[in-house]
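Quick notes on the structure that follows.
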């Protein structure tokens, strides 16, 4: 059975039992993630929480606080896609592209990365503020950030990542003159096969 973040941080002496109890109480009242609450109450650093999250997800952790990946890596993922997916190519090892994300539960982002990069990738975890800083150092400021907020806080459906993914899939199919598009779901990924006659 997978250990919980609070338990992992307690075992590593990153937080005290009292800090954990306090964060759990707030979590129940506000429906916030425990790690985020521990960071908010300054019981634990963002770095330690995301190291524990990486360990929990059986993923590697990468510290991007002051590093910037090479242009040859960042050129593999367009600026807009990197910001929308909050993902950054950080290294390449044995033909596998290593991509930093901050939330391994983003299944759509993972599938989109597999589709956009069209190569084998391995995901690693980075703290959100470190990842955001690395994105800004690698690509410059986020030009797609809206100047005004959408009423209701929702995202316009034309801009939703899944809509962009489907549009890209259709565009690729037309470009390759495909007669069929097969979408094959697997447990942790989706394979898209274009049939060209």
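For the reader, a short list of remarks on this structure follows.
- Listing 65, 18 from fewest to most neighbouring C-beta atoms within 10 Å gives 18, 65.
- Counting every alpha-carbon pair across the chain, the share separated by more than 31 Å comes to 29%.
- Listing 90, 96 from fewest to most neighbouring C-beta atoms within 10 Å gives 96, 90.
- The range 61-139 - Rg (one decimal) and Dmax (whole number), Cα, Å: 11.0, 29
- Cα pair distances in the range 1-101, grouped into 5 Å bins until the bin that holds the longest one, percent each: 2, 12, 19, 18, 15, 13, 11, 8, 3, 0
- Taking only alpha carbon atoms, the range 5-54 gives an Rg to Rh ratio of 0.92, where Rh is the Kirkwood radius.
All of the numbers you see were taken from the coordinates with simple rules; none came from a lab. These figures come from a predicted structure and were not determined experimentally. Every residue, glycine among them, receives a Cβ derived from its backbone with ideal geometry; neighbour counts consider all protein chains shown.
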